[in-house]
Amino acid sequence: MKNDWIALVEAGYDLDGSDQDWLDRLFDRAEPLLDPGIGRGAWTFRCTPTTFQIGRYPTRVSKLLKGMHRASHAAAPARWFDMTYRSGVVVATGSELTYPLLPETKRIVAGVTGGLARDVFMAGAHSGTSLGVAFGVWLKEFRCPTAIERTRWSCISAHLGAGMRLRAATRRLQLDGAPVEAVLDSGGRVQHARAGATSVAARELLREAVRRIEKARTTEGRRDPDAAMDSWEGLVDGRWSLVDRFDTDGKRFVVAVQNDPAHPDPRGLTMCEREVAEFVGLGRSTKEIGYILGVSFSAVTNLTGRAQAKLGLTSRAELAAFFAPCGFRAKLAEVAISGETLLFGSYPLVNERQVEKLTEAEREVVAHLVAGSTNGDIADRRHTSEHTVANQVHAIFLKLGVHSRAELAARLQAKA
């Protein structure tokens, strides 16, 4: 079937073969969904708050297109990587996203393509573990993504992100391996369940999810990709991905593999609260987060509110700023330095003059605050009372002239 969006979702969850094989299959399914332009491509990448590295390209992408792509990235300013890869944007064109603020990127596109392209289209997915995959097209004319493209690529991004996590965690998936928590037949009947999938509620969730996915994969389901992808969520109940497996007789089973985005060091937030906060930081809407995690709209709203309350943030905007992937907290998390000295001393992220008014104890509290700890978590770590921590936080805010930890992070990151 031409323009088969469901085939791209299926390819994302294909665990067979090498990473090169996986990318080749993705590109084969994605290419018909992209504008012809003057050249289409795909690439994997590794992106952290401070580093970026291109991985591999599909086998059949020409050396010329690879060279143009690498040249454009080599010439791009640092802020372009923040806007393109670290902002949480799933699909965009250069004229929409980067040209208005970084006009030099328009000249870069024209330069590396010899004037043949005026714009560039990109759609991407992140695994939540620094790995990602993207698709791009050099465009002859300026344009913005259509509403349909935004909706569909947002869904595709959720599935490809889950697929990348699966490939990294389950290179050789065994039905009796720890990540597999349920085995179902293609009709949704549970053949085996363990760990988090043993309850009646969990088994029913998985059964219904398998049935919805099976319907989406039919010929009739593929004719309406929006309805099909709407019913095939990124995860089931924020925990499981469903993957095809075949036994020695060729009989197909569906296995439920634990595949939730594991954000380390919750620091006082529950894992679910941390997951939602991280996606808020990526700029995802409540509806999109619900789709990615496979939980209800109201659950995302409640988890967002609880994360804000625990961190003392007054709005979703503050939560988003605090968990932004190119923000101060993310850069600190990337630094593998033990203890609470990572902010100060010889480490150059913070100018000593910005914190000279603070006591040693207050500096330690600041380190916890910008790392994402709740007051209760700081109290546990410092073996003191939550009341004492609240007083220290109040004193810190007063001395530094800020009103929230989001403002605190921004102040510490600012040049002084």
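The values are calculated or read from the model by the stated rules, or taken from the named source; none is laboratory data. Because the structure is predicted, anything quoted here is derived from the model rather than measured. Counting neighbours? That spans all protein chains shown, and the Cβs are built from the backbone with ideal geometry, glycine included. Heads up: the accessible areas ignore ligands, DNA and RNA and are worked out on the full protein's heavy atoms, side chains in. Shrake-Rupley method; radii C 1.70, N 1.55, O 1.52, S 1.80 Å.
Scan the range 154-202 residue by residue and report those that are hydroxyl-bearing (Ser, Thr, Tyr) and either farther than 30 Å from GLY283 by Cβ or modelled with pLDDT of 90 or more (or both). Can you show your working first?
Initial filter on the range 154-202 (hydroxyl-bearing (Ser, Thr, Tyr)): 154, 157, 170, 186, 198-199.
Passing the criteria: SER154, SER157, SER186, THR198, SER199.
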*Name the residues in the range 286-313 that are open to solvent by 50 Å² or more (accessible area, probe 1.4 Å), modelled with pLDDT of 90 or more, in a helix (DSSP H, G or I) and of a type outside the set (A, V, I, L, M, F, W, C), would you?*
LYS287, GLU288, SER298, THR301, ASN302, ARG306
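Hey, could you check the range 388-413 for residues that are more than 14 Å from GLU318 (Cβ to Cβ) and touching a residue at least 60 places away in the same chain (Cβ under 8 Å) and say which is most open to solvent (accessible area, probe 1.4 Å)?
Among those residues, the one meeting the criterion is GLN413.
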*Quick one: THR44 ticks every box in (1) in a loop (DSSP other than H, G, I, E, B); (2) among the polar types (S, T, N, Q); (3) open to solvent by less than 60 Å² (accessible area, probe 1.4 Å) bar one, so which box is it?*
(1)
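Scan the range 103-134 for residues that are hydrophobic (A, V, I, L, M, F, W, C) and either under 24 Å from the mean Cα position of the chain (by Cα) or closer than 14 Å to GLY12 by Cβ (or both) and report the count.
First, the residues of the range 103-134 that are hydrophobic (A, V, I, L, M, F, W, C): 108-110, 112, 116-117, 120-123, 125, 131, 133-134.
Filter once more, keeping what is either under 24 Å from the mean Cα position of the chain (by Cα) or closer than 14 Å to GLY12 by Cβ (or both): 120-123, 125, 131, 133-134.
Residues that pass the stated criteria total 8.
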_Can you say whether GLY250 is modelled with pLDDT under 90, touching a Leu at 6+ places or on another chain (Cβ under 9 Å), small (Gly, Ala, Ser) and over 26 Å from PHE279 (Cα atoms), as far as the supplied structure shows?_
no
*Starting from the range 140-155, keep only residues that are closer than 10 Å to THR93 by Cβ, then list their pairs with residues that are part of a helix (DSSP H, G or I) whose Cβ atoms are within a distance under 7 Å, requiring at least 6 positions of separation or different chains.*
PHE142/SER95; CYS144/GLU96
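From the set of residues in the range 264-273 that are surrounded by 20 or more Cβ atoms within 10 Å (Cβ to Cβ) and modelled with pLDDT under 85, which is nearest to HIS368 (Cα to Cα)?
Within the range 264-273, the first condition is being surrounded by 20 or more Cβ atoms within 10 Å (Cβ to Cβ), and the residues that meet it are 268-269, 272-273.
Checking which are modelled with pLDDT under 85 leaves us with 268-269.
Values: GLY268: 11, LEU269: 13 Å.
Taking the candidates together, the pick is GLY268.
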*Wholly within the range 174-248, which helices (runs of 4 or more DSSP H) include no fewer than the required count, namely at least 3 residues that are open to solvent by less than 60 Å² (accessible area, probe 1.4 Å) and more than 18 Å from ALA158 (Cα to Cα)?*
200-216
*Among the helices (runs of 4 or more DSSP H) lying completely within the range 360-416, list those that include at least 2 residues that are among the acidic types (Asp, Glu).*
360-371, 375-382
*asked:* Just the residues that are under 22 Å from the mean Cα position of the chain (by Cα), open to solvent by less than 20 Å² (accessible area, probe 1.4 Å) and not aliphatic (A, V, I, L, M), please, taken from the range 6-41.
replied: GLY12, TYR13, TRP22, PHE27, GLY41
